[in-house]
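Note sheet for the following structure.
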Amino acid sequence: MKILCIIPFYYPAFKFGGPIASVHGLNKELVRNNVSVTVFTTNAGQNERVLPNLEYNIDGVKVVYFNSISSWFFSINMTKFLKNSISEFDCIYVNGLWNYPAAAACYYSRLFNRPYIIAPRGMLYRYTMGKKIWKKWPYYQLISKIDIRGASAIHYTSNDEATQCHSRLGLKNKALVIPNGIDLFSSKQRVSG
């Protein structure tokens with residue numbers, strides 16, 4: 001199986017918080033179980049220099065970093081790569097909602113008839129959606145609502161998140177509950193090009 005993971009920023013961009021480590025932990029575990037995982041992300045938050053549009057191997061996970069412009073993580077090159085390669089993957093795993101990589105991945109997944117799973121990571125809670133509602137509500141109505149309803153499944157990280165979000169939004173797709181996980185016993189991670 002070949003999975004494409006879409007995330008606006010990725011390991012080792014730790015200034016963006018814990019989800020970076022947990023998504024990488026999930027990807028590493030998939031690779032250990034003979035699943036091919038490729039990550040498309042931006043170079044936002046990278047302390048060390050990474051060259052754009054090249055594939056890096058991080059603990060067996062193939063990662064391609066793209067240059068982005070704006071805080072929305074818009075990337076022309078990521079768009080081209082998505083359009084040209086998305087049909088090669090069996091499933092697309094989309095992290096987050098309020099960013100360009102997520103919207104582009106969902107759009108191309110539907111266009112090329114590829115199943116995709118969205119991991120909102122708390123972004124669908126009523127409280128979270130209410131923050132900056134003047135921005136989020138129009139975006140949700142025009143883009144995210146279509147993306148969420150078109151997903152094969154929604155990956156929630158807790159039963160509370162699934163219970164509070166799935167039925168409130170009237171979603172008919174599958175709700176998966178898989179908690180965040182971090183490997184506390186691994187040695188220092190290495191990035192190689």
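The values are calculated or read from the model by the stated rules, or taken from the named source; none is laboratory data. Since the model is a prediction, treat every value here as computed from it, not as a measurement. Positions of Cβ are generated from backbone atoms using ideal geometry, with glycine treated the same way; all protein chains shown enter the neighbour counts. SASA here: full protein model, heavy atoms, side chains in, ligands and nucleic acids out. Shrake-Rupley method; radii C 1.70, N 1.55, O 1.52, S 1.80 Å.
Quick one: go through segment 81-104 and flag any residue whose amide nitrogen is under 11 Å from the point 7 Å out along the Cα-to-Cβ line of Y139.
Those under the cut-off are 97-103.
Once the whole set of protein chains is in place, how much accessible area is left on S167, using a 1.4 Å probe, in Å² to the nearest 10?
90 Å²
For the chain, give me the percentage of DSSP beta bridges that are antiparallel, rounded to the nearest 5 percent.
Looking only at bridges with both residues in the chain, the antiparallel portion is about 20 percent.
State which stretch of the chain is the longest one without any exposed trypsin sites (Lys or Arg not before Pro), exposure meaning a DSSP loop state and at most 14 other Cβ atoms within 10 Å.
50-130
Could you work out how far apart the two model spin labels at N53 and N159 are, taking each label as a point 7 Å from the Cα in the direction of the beta carbon, and quote it in nm?
Placing both labels 7 Å beyond Cα along the Cβ direction yields 4.9 nm.
In the chain, what percent of the accessible surface is made up of carbon and sulfur (1.4 Å probe, ligands and nucleic acids excluded)?
57 percent
Going by alpha carbons, how many degrees (0 to 90, nearest 10) lie between the helix axis of 76-85 and the longest principal axis of the chain?
Tilt of helix 76-85: around 90 degrees.
Collect residues whose amide H, placed 1.01 Å from N in the peptide plane, falls under 5 Å from the amide H of T42; neighbours closer than 5 in sequence don't count.
Long-range HN contacts for T42: F9, Y10, F66.
May I ask you to derive the FRET efficiency for K172 and M1 from their Cβ-Cβ distance with R0 = 25 Å, giving the value to the nearest 0.05?
0.50
At each listed q (0.08, 0.13 Å⁻¹), what is the log10 of I(q)/I(0) that the Debye formula gives for the chain modelled as equal alpha-carbon point scatterers?
For the chain at q = 0.08, 0.13 Å⁻¹, log10 I(q)/I(0) is -0.24, -0.66.
Would you kindly derive the ³J(HN,Hα) couplings of segment 2-10 from the backbone phi angles with the Karplus curve 6.51 cos²θ - 1.76 cosθ + 1.60 (θ = phi - 60°), listing them in order in whole Hz, with x for Gly and Pro?
Along segment 2-10, the couplings run 10, 10, 10, 9, 10, 8, x, 8, 9 Hz.
When only Cα pairs under 8 Å and 6 or more residues apart are kept, what is the percent relative contact order across segment 1-160?
Once divided by the residue count of segment 1-160, the mean separation gives 21 percent.
Once amide H atoms are placed 1.01 Å from N in the peptide plane, what residues at a sequence separation of 5 or more from L171, or on another chain, have their amide H within under 5 Å of its amide H?
Sorted by chain and number, the residues that satisfy this come to none at all.
Can you give me the long-range amide H partners of L97? Hydrogens built in the peptide plane at 1.01 Å from N, cutoff under 5 Å, separation of 5 or more residues or another chain.
none
Ignoring everything but the protein chains, give the 1.4 Å probe accessible area of E88 in square angstrom, nearest 10.
E88 has an accessible surface of roughly 100 Å² with all protein chains in place.
Among the DSSP beta bridges whose two residues both lie in segment 26-140, what percent are antiparallel, rounded to the nearest 5?
About 35 percent, rounded to the nearest 5.
I'd like the FRET efficiency for F112 and S36, computed as 1/(1 + (r/R0)^6) with the beta carbon distance as r and R0 of 22 Å, rounded to 0.05.
The value I calculate is 0.75.
Using Cα-only point scatterers and the Debye equation, what is log10 of I(q)/I(0) for segment 92-172 at each q in 0.11, 0.18, 0.26 Å⁻¹, rounded to two decimals?
For segment 92-172 at q = 0.11, 0.18, 0.26 Å⁻¹, log10 I(q)/I(0) is -0.25, -0.70, -1.42.
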